[in-house]
1. Rounded to the nearest 0.05, what FRET efficiency do Ile414 and Glu254 have when you use their Cβ-Cβ distance and R0 = 51 Å?
2. Apply 1/(1 + (r/R0)^6) to the Cβ-Cβ distance of Val201 and Gln277, taking R0 = 51 Å, and write down the FRET efficiency to the nearest 0.05.
3. Which distance in nm do the two modelled labels at Thr325 and Gln286 give, with both placed 7 Å along the Cα-to-Cβ direction?
4. By the scheme Lys and Arg +1, Asp and Glu -1, what is the net charge of all other residues having a beta-carbon under 14 Å from that of Glu397?
5. Once you place label points 7 Å from the Cα toward the Cβ at Thr104 and Thr376, how far apart are they in nm?
6. By the scheme Lys and Arg +1, Asp and Glu -1, what is the net charge of all other residues having a beta-carbon under 10 Å from that of Pro249?
7. Search the structure for amide H atoms under 5 Å from the amide H of Ile140, placed 1.01 Å from N in the peptide plane, and list their residues when 5 or more places away or on another chain.
8. At 7 Å along the Cα-to-beta-carbon direction for both Glu227 and Lys147, put a label point, then send me their distance in nm to one decimal.
Amino acid sequence: MIALTEDQVQTAGQSAKPASRPFSAFERMVAWRYLRSRRKEAFISVIAGFSFIGIMLGVATLIIVMAVMNGFRTELISRILSINGHVIVQPIDGPLNNYADLATRFSGVKGVTMAIPLIEGQVLAQGVGDSSTGALVRGIRSDDLGKMKSVSEHIKSGDLVGFAADTGVAIGSRMAHQLGIQVGGTITLTSSNGGGTLPLVKAYTVSAIYEIGMWEYDSTIVFMPLEEAQLFFNAKGLAQSIEIFVEYPDLVHELRQPIEDAAGRQIFITDWRDRNQTFFSTIEVQRNVMFMILTLIVLVAALNIISGLIMLVKDKGSDIAILRTMGATAGSVMRIFFMTGAAIGTAGTVAGVLLGVVVCLNIESIRQFFSWISGTTLFSPELYFLNQLPADMNADETILVVVMALSLSFLATIFPAWRASRLDPVQALRYE
């Protein structure tokens, strides 16, 4: 039972008047007393603590998972688009022998940043000893490779001088590690597209090793000078396609017609959304499903607030009866218990946001720590494509999580608070 001083008794009587303002000092004081941990009320405080922890963990988990999903999508898009063209142009009326002229014309289209002629082919790459792996050769002009900052600005060892002189190739760091090759070493490429009956086998000097940070690219792509690639694939003077990079990838559909007009011949156009539609649709579905599943955690935590407050009402029945006999109105009692539950929800939400932000800012360090503890590789790049665990917090999503958590918390307090206000003082004192 609450021990009240004379002044507090007078305050109680004053707060019970119909003209009293909402959430008076007395109501806040009583709500705070119910939240405080005391020996006699240890069980109730534990229930309140579990409700607080539930809200905090639910909000934090939701923020962290959504940030990781956003970061995963953002990193994949940025790295995929940094090395693959936003628009891919292929001829349908004949071989692409005027690729240099077309690339110049496409580069002049407003909104286009660069146009790169390419020739590609699958090969078998062999390194030191019996090590070998499948690879994708991309024939590209040296100036164009220099403009691809995702490669030229991420050279781990060596340089592009040999590439520019048509005497070397550039390979990814994971391919170099897998094949045991260093800068200056030799990589042997075997292709079935040499034009003859036998496979074409040729050795090249590795002049540069790059590291984009995306496992699939670092382990599979070999950049080769365009003229050398034309000879290797028996396509002298030709290109397979022209990849166009635009200023705003999300608005790529607006450039389809200008690019067709600039081509001056029949071409087939695909963009990055067409080529990766299934992949990014899968990520979006997973993101939405995770949001719905994790929302249930917050909902369960809000239900804990209901159960905790109902137990609090039962435990404080005599206190409520005394307050009512002293003149406290039903509305005053309802506000007391509403503030009690709302305080748990608000504190849990704020703590959850802080925890979520801290984890998101240190997500990679946390991943490395747990990998060290468990002795296994968490977030394996072979499975998840990226070398690091990304986290990209979205302000709108974070606000949505906060509003949802607060709304559920406040709604959860209404029924127990209403039940407390409906408690009959006579019945409560009779069974005390």
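Values in this text are rule-based calculations from the coordinates and carry no lab data. The structure displayed is predicted, hence computed values, not measured ones. As a convention, Cβ positions derive from the backbone with ideal geometry for all residues, glycine included, and neighbour counts pool all protein chains shown.
1. Efficiency computed from Cβ-Cβ geometry: 0.55.
2. That pair, Val201 with Gln277, gives E of 0.85.
3. A separation of 6.3 nm, rounded to one decimal place.
4. -1
5. Output for this residue pair reads 5.8 nm.
6. Working: positive: Arg273; negative: Glu247, Asp250, Asp271.
Local net charge: -2.
7. Amide H to amide H, under 5 Å and 5 or more residues apart or across chains, Ile140 pairs with Met224, Leu226.
8. Distance between the two pseudo-spin positions: 1.9 nm.
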